[in-house]
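*Asks:* Take this structure first; my questions come after.
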Amino acid sequence: MKTNGYIEFDLDGEELSSVHARLHSVKQGDNERSFRIVNPRGKHAVAAGLNAPMDVRIDGHVGFYCGGMNKEADITINGQAGPGVGENMMSGLIRVCGNASQSAGATGRGGMLVIEGDASSRCGISMKGIDIVVGGSVGHMSCFMGQRGHLVVCGDAGHDLGDSLYEAQIFVRGSVDSLGADCVEKEMRPEHIETLKGLLARSGVNADPKEFRRYGSARKLYNFHIDNADAL
Amino acid sequence: MTDPRALRGSATFPPEVIREIQRAADQGVYEIRGFGTKRKIPSFDDLLMLGASVSRYPLEGYREACDTSVMIGTRFAKKPIELKIPITVAGMSFGALGSHAKRSLGWAATEMGTSTTTGDGGMTDEEREASKTLVYQVLPSRYGMNPDDLRRADAIEVVVGQGAKPGGGGMLLGQKINERVAKMRDLPQGIDQRSASRHPDWTGPDDLEIKIHEIREITGWEKPIYVKVGATRTRFDTALAVKAGADAVVVDGMQGGTAATQDVFIEHVGIPTLPAVRQAVEALQELDMHRKVQLIVSGGIRSGADVAKALAMGADAVSIGSAAMVALGCNKPVYHEDYEALGTAPGFCHHCHTGRCPVGVTTQDPELEKRLPPEKGGRLMRNYLQTMVLELQTLARACGKSHVLNLEPQDMVALTVEAAAMAQVPLAGTDWVPGKNNY
């Protein structure tokens, strides 16, 4: 059904698999690329595996893995998101207008995830190139084993932020309960302020980059430490 | 000179224990090594097949058919896979193995009509091209994970654990992280890379069910989805994998190999393959899912006899990793000086973690890789698989079976009390099954 320029799917009546069959068939250059999904009612894996440029608006709350492995699509969730929103996304944009549960953007390899509210624990866990901007606060162990990309937190961060961090960069405006193993505060140089400015502009989240602090890896866990006492 | 009759070794502190304590004191870090457990544990060697007799009718060796085909993924997948032989190649990462080894395995598997499996480094184009049937692993690290590879795979394996290190994540030491491997894994070159030990976006069986559902939605419900567990609480793990919606369960016993793991993990965590198979089969039977959810068993499978015994215990197929590497030349008595440079010798080498594999299997070094031309590796592996199949058919025919999946526990006895208890088959020459009857 087409409403206000959107092709609309009602998950109260339609099977998720048939909705996905339609969305997965969208190709680069197709004319019909605007979709609206209503009544998601916490269903899992809504709009997962999208594979082409398109706009998908989801009106309501979603369960696990909404927008999982997204490529190129712009997905807006007008509600709250369950665990693993945007997990392993490759590109495109996912915007959560409410809050997100744990493991938001887990292992994401590209694109941008914007969470306008708060994100729970392990936000950006094992991230591999994604940019995540959180308008509110994040829970404990966020950016755990973060490999690449940026995590921007406009509120506060829970304990053990950036534990076992690789090369992902973290910006936090508020307080940090504690830093995880091998995560340290780093100097906020002009180039970092520029990077952050760009991220905030892309996300549409309004914040002053100069109010943030930067965290990254001390790189002390990169290689196993061997004493070789007998060689002394 | 000391009189050797005066020397009394300690059972608590034998030479290898003394050596390890002193190595630990010198280096201050646990030993990391490749390969699987080296300790003696109950195994398929402790079982014997019962050939035909007055009450059983054998099949003629070369004249009567003995089918070896098996379907995997018949529960939910729209496109289950058909294997011509019940011996698959286990997941081994590109990174741990070089590209020549991966291509060799793919070509051989394709010729023999079976599958290969990716590993903890993502899928390479060479591997996809070489393998007609390729299983794509979804691991806790999610290195190289992307939806395009999910879709071009023939089956998907969600790895919860592996036999060499149930509860532990992968390791790949810096010397093996070259530019290509680093890029695939989104990591800096040359670091000692530790994979996560648990999945980043799910915990527990209820979440796993949702994860599997997501993968099915992304891939249009086409692909069989396996769940792989390291053998520990196998009965529960198998039941929970079934509950989570797996099409197949892969159970990897403690003999399963690794390219790099702490020795303490390899030798002290998990249970042997033998009892794990039995527990998995019992779990499937209790749920009325035996043969509906396929069981693939790995960990120390080396010969057609091992395959026959695993199938007789109720497995649908087996998977080989270390044995496949040995077929490619691992531990072969050649290039002695290179073994020596690693401080080891052919037959004892477990130095996969160093990246200096003398026979070019577990290395990223182009010079060492030249020692394993893929065409040659493919032929070696094909011959090995072919031999295993012939051995398997020989034993199945001897037991009167026209299909290898018709082998059953009643076709076996145990040589030891331990094996009888673990496999729940009678001790040879008795009708005694420990824990079951007459005790």
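Here, each number is a calculation from the coordinates, and none is a lab measurement. Please read these numbers as outputs of a predicted model, since none were measured by experiment. Reconstructed Cβ throughout: ideal geometry from the backbone, glycine too, with neighbour counts over all protein chains shown.
*Asks:* Taking segment B:216-237 as the search range and keeping residues that are hydroxyl-bearing (Ser, Thr, Tyr) and outside any strand (DSSP E or B), which one is surrounded by the most Cβ atoms within 10 Å (Cβ to Cβ)? So that I can check it myself, show each step before the final result.
*Replies:* Step one: filter segment B:216-237 for residues hydroxyl-bearing (Ser, Thr, Tyr), giving B:219, B:226, B:232, B:234.
Checking the rest, the ones that are also outside any strand (DSSP E or B) come to B:219, B:232, B:234.
Numbers: B:THR219: 22, B:THR232: 18, B:THR234: 27.
Restricting to residues being hydroxyl-bearing (Ser, Thr, Tyr) and outside any strand (DSSP E or B), the top hit is B:THR234.
*Asks:* Specify the residue that is surrounded by the fewest Cβ atoms within 10 Å (Cβ to Cβ); the eligible residues are those in segment A:146-159 that are in contact with a Leu (Cβ under 7 Å, 6 or more places away or on another chain) and within 19 Å of A:GLU185 (Cβ to Cβ).
*Replies:* Among those that are in contact with a Leu (Cβ under 7 Å, 6 or more places away or on another chain) and within 19 Å of A:GLU185 (Cβ to Cβ), it is A:HIS150.
*Asks:* Please specify each residue of segment B:136-158 satisfying the condition of being more than 8 Å from every other protein chain (Cβ to nearest Cβ) and touching a His at 6+ places or on another chain (Cβ under 9 Å).
*Replies:* B:VAL138, B:LEU139, B:PRO140, B:VAL158
*Asks:* Filter segment A:1-25 for residues that are assigned to a loop (DSSP other than H, G, I, E, B), within 14 Å of chain B (Cβ to nearest Cβ) and of a type outside the set (Asp, Glu); which is surrounded by the fewest Cβ atoms within 10 Å (Cβ to Cβ)? Step through it out loud before you land on a result.
*Replies:* First, pick out the residues of segment A:1-25 that are assigned to a loop (DSSP other than H, G, I, E, B): A:1, A:4-5, A:11-15, A:25.
Checking which are within 14 Å of chain B (Cβ to nearest Cβ) leaves us with A:11, A:14-15, A:25.
Remaining after also requiring of a type outside the set (Asp, Glu): A:11, A:25.
Numbers: A:LEU11: 18, A:SER25: 10.
For segment A:1-25, the residue satisfying everything is A:SER25.
*Asks:* Hey, can you tell me all the residues within segment A:102-142 that are out of contact with any Lys or Arg (no Cβ under 7 Å at 6 or more places or on another chain) and among the β-branched types (Val, Ile, Thr)?
*Replies:* If the condition is that a residue be out of contact with any Lys or Arg (no Cβ under 7 Å at 6 or more places or on another chain) and among the β-branched types (Val, Ile, Thr), then A:ILE115, A:ILE125, A:ILE132, A:VAL133, A:VAL134, A:VAL138 are the ones that fit.
*Asks:* Further question: Do the conditions hold for A:GLY110, that is, is it more than 14 Å from chain B (Cβ to nearest Cβ), assigned to a loop (DSSP other than H, G, I, E, B) and more than 9 Å from the chain's Cα centre (by Cα)? Talk me through it step by step, then tell me what you get.
*Replies:* Working: more than 14 Å from chain B (Cβ to nearest Cβ): no; assigned to a loop (DSSP other than H, G, I, E, B): yes; more than 9 Å from the chain's Cα centre (by Cα): yes.
Criteria not met by A:GLY110.
*Asks:* Looking only at segment B:380-439, how many residues end up being basic (Lys, Arg) and part of a loop (DSSP other than H, G, I, E, B)? Quick ask: steps written out before the conclusion?
*Replies:* Of all residues in segment B:380-439, those basic (Lys, Arg) come to B:382, B:397, B:401, B:436.
So of that shortlist, the ones also part of a loop (DSSP other than H, G, I, E, B) come out as B:401, B:436.
The number of residues fulfilling the criteria is 2.
*Asks:* Taking A:ILE37 as the residue in question, decide whether it is in a strand (DSSP E or B), within 14 Å of another protein chain (Cβ to nearest Cβ) and either surrounded by 24 or more Cβ atoms within 10 Å (Cβ to Cβ) or free of Cβ contacts under 8 Å to residues at least 24 places away in the same chain (or both).
*Replies:* Numbers: in a strand (DSSP E or B): yes; within 14 Å of another protein chain (Cβ to nearest Cβ): yes; either surrounded by 24 or more Cβ atoms within 10 Å (Cβ to Cβ) or free of Cβ contacts under 8 Å to residues at least 24 places away in the same chain (or both): yes.
Answer is yes for this residue.
*Asks:* Is it true that A:GLY98 is assigned to a loop (DSSP other than H, G, I, E, B), of a type outside the set (Asp, Glu) and either touching a Cys at 6+ places or on another chain (Cβ under 9 Å) or in contact (Cβ under 8 Å) with a residue 12 or more places away in the chain (or both)? First the steps, then the outcome.
*Replies:* Numbers: assigned to a loop (DSSP other than H, G, I, E, B): yes; of a type outside the set (Asp, Glu): yes; either touching a Cys at 6+ places or on another chain (Cβ under 9 Å) or in contact (Cβ under 8 Å) with a residue 12 or more places away in the chain (or both): yes.
In short, yes.
*Asks:* Further question: Could you look through segment A:95-107, keep only residues that are over 18 Å from A:VAL38 (Cβ atoms) and hydrophobic (A, V, I, L, M, F, W, C), and pick out the one that is nearest to the chain's Cα centre (by Cα)? Even if it seems obvious, please write down each step before you answer.
*Replies:* Of the residues in segment A:95-107, the ones over 18 Å from A:VAL38 (Cβ atoms) are A:99-107.
Narrowing the set further to residues that are hydrophobic (A, V, I, L, M, F, W, C) leaves A:100, A:104, A:106.
Values: A:ALA100: 9, A:ALA104: 5, A:ALA106: 7 Å.
If we take residues in segment A:95-107 being over 18 Å from A:VAL38 (Cβ atoms) and hydrophobic (A, V, I, L, M, F, W, C), then A:ALA104 is nearest to the chain's Cα centre (by Cα).
*Asks:* Looking at segment B:278-308, which of its residues are in contact (Cβ under 8 Å) with a residue 60 or more places away in the chain, part of a helix (DSSP H, G or I) and touching a strand residue (DSSP E or B) at 6+ places or on another chain (Cβ under 6 Å)?
*Replies:* Within segment B:278-308, B:VAL307 is the sole residue that qualifies.
*Asks:* Residues being within 11 Å of chain A (Cβ to nearest Cβ) and under 24 Å from the mean Cα position of the chain (by Cα): count how many of those fall in segment B:210-230.
*Replies:* Within segment B:210-230, the subset within 11 Å of chain A (Cβ to nearest Cβ) is B:210-221.
If we keep only those that are under 24 Å from the mean Cα position of the chain (by Cα) too, we end up with B:211-212, B:215.
The number of residues fulfilling the criteria is 3.
*Asks:* Might you let me know whether segment B:140-162 holds any residue that is in a loop (DSSP other than H, G, I, E, B), aliphatic (A, V, I, L, M) and under 30 Å from A:ASN223 (Cα atoms)?
*Replies:* yes
*Asks:* Would you check if there is a residue in segment A:125-134 being over 24 Å from A:GLY82 (Cβ atoms) and among the aliphatic types (A, V, I, L, M)?
*Replies:* From segment A:125-134, those over 24 Å from A:GLY82 (Cβ atoms) are none; that's our starting set.
Looking through segment A:125-134, none of the residues is over 24 Å from A:GLY82 (Cβ atoms) and among the aliphatic types (A, V, I, L, M).
*Asks:* Given A:GLU116, A:GLU32, A:GLU72, which one is among the charged types (D, E, K, R) and within 12 Å of chain B (Cβ to nearest Cβ)?
*Replies:* Values: A:GLU116 fails: within 12 Å of chain B (Cβ to nearest Cβ); A:GLU32 fails: within 12 Å of chain B (Cβ to nearest Cβ).
Being among the charged types (D, E, K, R) and within 12 Å of chain B (Cβ to nearest Cβ) holds for just one of A:GLU116, A:GLU32, A:GLU72, which is A:GLU72.
*Asks:* Can you find even one residue in segment B:355-370 that is of a type in the set (Ser, Thr, Tyr), in contact with a helix residue (DSSP H, G or I) (Cβ under 7 Å, 6 or more places away or on another chain) and touching a residue at least 40 places away in the same chain (Cβ under 8 Å)? Spell out the reasoning first.
*Replies:* Step one: filter segment B:355-370 for residues of a type in the set (Ser, Thr, Tyr), giving B:362-363.
Narrowing the set further to residues that are in contact with a helix residue (DSSP H, G or I) (Cβ under 7 Å, 6 or more places away or on another chain) leaves B:362-363.
Subsequent filtering for residues that are touching a residue at least 40 places away in the same chain (Cβ under 8 Å) retains B:362-363.
Yes: segment B:355-370 contains one or more residues that are of a type in the set (Ser, Thr, Tyr), in contact with a helix residue (DSSP H, G or I) (Cβ under 7 Å, 6 or more places away or on another chain) and touching a residue at least 40 places away in the same chain (Cβ under 8 Å).
*Asks:* Check A:PHE212 against each of (1) loosely packed, with under 14 Cβ neighbours inside 10 Å; (2) more than 14 Å from every other protein chain (Cβ to nearest Cβ) and name the one condition it does not meet.
*Replies:* (1)
*Asks:* Applying the selection to segment A:119-134, what residues are at the interface with chain B (Cβ under 10 Å from one of its Cβ atoms) and in contact with a strand residue (DSSP E or B) (Cβ under 8 Å, 6 or more places away or on another chain)?
*Replies:* Of segment A:119-134, the ones at the interface with chain B (Cβ under 10 Å from one of its Cβ atoms) are A:122, A:124-129.
Answer for segment A:119-134, where residues must be at the interface with chain B (Cβ under 10 Å from one of its Cβ atoms) and in contact with a strand residue (DSSP E or B) (Cβ under 8 Å, 6 or more places away or on another chain): A:GLY124, A:MET127, A:LYS128, A:GLY129.
*Asks:* Would you tally the residues in segment B:163-207 being under 23 Å from the mean Cα position of the chain (by Cα), without any contact (Cβ under 8 Å) to a residue 40 or more places away in the chain and in a loop (DSSP other than H, G, I, E, B)?
*Replies:* Residues that pass the stated criteria total 1.
*Asks:* Determine the pairs where a residue that is closer than 15 Å to B:ASP186 by Cα and more than 14 Å from chain B (Cβ to nearest Cβ), located within segment A:140-169, has a partner that is of a type in the set (Asp, Glu) and in a loop (DSSP other than H, G, I, E, B) with Cβ atoms under 7 Å apart, the partner being 6 or more residues away or on another chain.
*Replies:* none
*Asks:* Right, another one. Just a yes or no: is a residue in segment A:69-78 out of contact with any strand residue (DSSP E or B) (no Cβ under 7 Å at 6 or more places or on another chain) and within 21 Å of B:ILE212 (Cα to Cα)? Give the derivation first.
*Replies:* Filtering segment A:69-78 down to residues out of contact with any strand residue (DSSP E or B) (no Cβ under 7 Å at 6 or more places or on another chain) leaves A:69, A:71-72.
Narrowing further to those that are within 21 Å of B:ILE212 (Cα to Cα): A:69, A:71.
Yes, there is a match, as at least one residue in segment A:69-78 is out of contact with any strand residue (DSSP E or B) (no Cβ under 7 Å at 6 or more places or on another chain) and within 21 Å of B:ILE212 (Cα to Cα).
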